[in-house]
Amino acid sequence: MNRSRLAFALALLAPTLVLGGCSDDPVPKIAPPSDSPAVSGEPSPSDSAPLSAHAAQAAALRSYFASISDAISTGDPSAFLAASSGQCQNCRVLADNLKAAYAKGGHIEGGHWTVNSVKFQRKAPLGMVWNVRLHTSRERWYDSGDKLVKIVRPSSLEVGLALVSQGEDWRVRELRINS
């Protein structure tokens, strides 16, 4: 993993990672990567009900990361926050960092996040746990005077997420960079 990208991601998520996530439970909430097959998001005719639920969750995750890409390019995190539960501290940290980047006329160029794969890990008390592999494109952060503030190099990341059902929708309950 690109060290600049990891450092940036950890800086975004550091407050929550230091505090141990979204609960006082010392047991890690995000499972390590497994050899589970990737879920494409498209159910086949032979899928059972749980697999159909997994396909819906995988589609929600793809949409979630598309909304993060939109937030990076616009500075408006409302769409991905709407797809997050109020309990996702790292979601709020990411949103606050993006808002700060755009405050007083700053902006970000690039930063598209592409989902390469989504893998269901397990059902847990926290929610349905997934690992998502992403590719991130180069980001160029500018201040209000159009001065380049920083460059975040493209990289590949693995992100662990927990999803919870809210009505007919799925919300991100927890988001962490897997090491």
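Taken together, the values in this text are just the output of simple stated rules run on the coordinates, not laboratory data. The model shown is predicted, which means the values in this text are computed figures rather than measured ones. Here Cβ is always computed from backbone atoms with ideal geometry, including for glycine, and neighbour counts include all displayed protein chains.
Anything in segment 94-120 that is surrounded by 18 or more Cβ atoms within 10 Å (Cβ to Cβ) and touching a residue at least 60 places away in the same chain (Cβ under 8 Å)? List them, or say none. Those that are surrounded by 18 or more Cβ atoms within 10 Å (Cβ to Cβ) and touching a residue at least 60 places away in the same chain (Cβ under 8 Å): L94, V118, K119, F120. All conditions but one from (1) over 17 Å from the mean Cα position of the chain (by Cα); (2) surrounded by 13 or more Cβ atoms within 10 Å (Cβ to Cβ); (3) in contact (Cβ under 8 Å) with a residue 40 or more places away in the chain apply to G127; the one that does not is (1). Annotation: of all residues in segment 143-179 being surrounded by fewer than 18 Cβ atoms within 10 Å (Cβ to Cβ) and basic (K, R), the one that is nearest to the chain's Cα centre (by Cα) is R153. For segment 133-171, a tally of residues being closer than 22 Å to A60 by Cβ and in contact with a helix residue (DSSP H, G or I) (Cβ under 6 Å, 6 or more places away or on another chain) returns 2.
For segment 72-93, a residue qualifies if it is among the small types (G, A, S) and out of contact with any Gly (no Cβ under 9 Å at 6 or more places or on another chain), and the qualifying residues are S78, A79, A82, A83, S84, G86.
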